[in-house]
Amino acid sequence: MATPPTIGVRNYDIPALRELDVAHHLPAQSSYKLQQDLGGSRIITHAQGSTIYDGEGHAILDGMAGLWCVNVGYGRPELAEVAARQMEELPFYNTFFRTATVPPIELATKLAGLLGGKLQHVFFNNSGSESNDTVFRLVRTYWGLKGEPNRTVFISRHNAYHGSTVASASLGGMTFMHAQGGLPIPGIEHVMQPYPFGEGFGEDPEAFATRAAQAIEDRILAVGPENVAAFIGEPVQGAGGVIIPPPGYWQKVEAICRKYGILLVSDEVICGFGRLGEWFGFQHYGISPDIVSMAKGLSSGYLPISATGVSSEIVEVLRASGEEFVHGYTYSGHPVSAAVALRNLQIIEDEHLVDRVREDVGPYLNAALQRLADQPLVGEVRSIGLLGAVEIVAEKGTNKRHGTGGQAGPIVRDHCIAGGLMVRAIRDSIVMSPPLVITHEEIDRLVGIIGAALDASMEQLA
Ligand code: PLP
């Protein structure tokens, strides 16, 4: 087990903080009634490696790398040092009106090299949601300047997650999010997701891949190809439940986009920076998107930053028009965030973390998860790189859920947390996305805790 860091850890008055949390703090994506009923949020005070520590002193193995983002693990002094140095040299200057600072130029150059091919240009934002808002405006601007202004429609998938702002939540396919705020905004079409366990159970994987891709083509034809601007998708849907598409799906999607001249957008906010054992998910699937959204692992969450990778062809159209792209954020290309991101990428390279996921810990997690397959509640275990899911079912050998569905995940998750493991419940599944530095011993522990949590949940789920 990682040793708790002592330097910089203060003696917090946790009960008082929890009271203040209820009195004043509105945490993200939370029920404020539940926050109040539970007497405040869980307070995390410090972390090291793959372990987080809460205010009561519990060590919790972080099976989620924060929020799918702390790829290099916690407690990296080199990232703190680079931030401090940049803050002293130049804490802020903007990138509006053709201004730049040094770190975003260097980071854009680095990313262009990692993305490769036609993806040679990078626009910076602060979050994955903002990157997808940039995609939304950039794509429509591009088609307008190219003389095809009717191409405004985006095609996405049900249960996709692309963020929480108005445009990115609309691009996403989470109906419970759409229900708040009157979303989606017009011009976004959602089609079936490539979810073999949920929507293609018992179906031949190739036939299912064809059916799921065909849904995209059918919608393009229904909308009229001349009206469709882009298709956006996560290589593997993360927040939707670690939904791994069947083999061949992405090749078919790419071919459909090319057939109708539609831009292909890969949302790499979770899949990027080694999570699938390649720098980017699109590289794992061997496809060539026109635009890429990146965030999370870009800085391993040490500071907020996101990036939108853009093809040379799109930039050429903007250049030829002579028009300004009237879009940007105060903190686009923030020098401190960019400097930290650059150093983070160097750590990933120096420690060969992408190879490590592909050749070592990814296969190790996959094999370890198989130990859960015979547990009576388990319908399926699946993983790709360091993304994994355990599906919980009411009847072994089927995909039938307990009750009305959605209750099983939280029950098992709560047992996991009580057992010292942070995982996420997504409806009737438990998902994981640990730091890329997780050790074999930690993976064994992670799987052991999930197994014990499943056993402990049997009675509640009888
Ligand atoms: N896109 C994907 C695929 C994500 O998983 C997320 C966040 O989980 C986002 C976009 C939004 O990123 P952010 O929360 O940084 O706005």
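The values are calculated or read from the model by the stated rules, or taken from the named source; none is laboratory data. Given the structure is predicted, the values throughout are model-derived calculations rather than measurements. As a convention, Cβ positions derive from the backbone with ideal geometry for all residues, glycine included, and neighbour counts pool all protein chains shown. Accessible surface areas use protein heavy atoms only, side chains included; no ligands, DNA or RNA. Shrake-Rupley method; radii C 1.70, N 1.55, O 1.52, S 1.80 Å.
Brief remarks on what is shown
- Put simply, of R275, R211 the only residue that is assigned to a helix (DSSP H, G or I), over 24 Å from E148 (Cβ atoms) and among the basic types (K, R) is R211.
- I43 being in contact (Cβ under 8 Å) with a residue 12 or more places away in the chain, in contact with a Lys or Arg (Cβ under 9 Å, 6 or more places away or on another chain) and within 22 Å of V423 (Cα to Cα): yes
- Cβ-Cβ contacts under 8 Å between residues 6 or more apart (or on different chains), taken from a first residue in region 413-425 that is over 13 Å from R445 (Cα atoms) to a second residue that is surrounded by fewer than 17 Cβ atoms within 10 Å (Cβ to Cβ), are listed as H415/A452; H415/A456; A425/P410.
- Enumeration of residues in region 333-358 that are in contact (Cβ under 8 Å) with a residue 24 or more places away in the chain, surrounded by fewer than 22 Cβ atoms within 10 Å (Cβ to Cβ) and outside any helix (DSSP H, G or I): E351
- Top-ranked residue of region 125-150 - restricted to ones that are farther than 22 Å from G333 by Cβ, open to solvent by 20 Å² or more (accessible area, probe 1.4 Å) and touching a residue at least 40 places away in the same chain (Cβ under 8 Å), ranked as nearest to the ligand (Cβ to nearest atom): R140
- The one condition from (1) open to solvent by less than 20 Å² (accessible area, probe 1.4 Å); (2) away from the ligand (no atom under 16 Å from the Cβ) that E234 does not meet is (2).
- Residues that are touching a helix residue (DSSP H, G or I) at 6+ places or on another chain (Cβ under 8 Å) and open to solvent by less than 10 Å² (accessible area, probe 1.4 Å) were ranked within region 398-419; the one that is farthest from Q460 (Cα to Cα) is C416.
- F273 surrounded by 24 or more Cβ atoms within 10 Å (Cβ to Cβ) and closer than 27 Å to V70 by Cα: yes
- Among residues of region 55-95, those that are within 16 Å of the ligand (Cβ to nearest atom), open to solvent by less than 60 Å² (accessible area, probe 1.4 Å) and not charged (D, E, K, R), counted: 8
- Test result for Y285, among the aromatic types (F, W, Y), surrounded by fewer than 24 Cβ atoms within 10 Å (Cβ to Cβ) and away from the ligand (no atom under 16 Å from the Cβ): no
- Considering residues of region 359-397 that are touching a residue at least 60 places away in the same chain (Cβ under 8 Å) and part of a loop (DSSP other than H, G, I, E, B) only, the residue surrounded by the most Cβ atoms within 10 Å (Cβ to Cβ): L386
- Within region 288-313, residues that are at positive phi and in a helix (DSSP H, G or I) have Cβ atoms under 7 Å from residues that are of a type in the set (G, A, S) and near the ligand (Cβ under 10 Å from one of its atoms) in these pairs: K296/G128, counting only partners at least 6 apart in sequence or on another chain.
- Of the helices (runs of 4 or more DSSP H) entirely within region 157-200, those holding at least 2 residues that are polar (S, T, N, Q) and at pLDDT 95 or above occupy 166-171.
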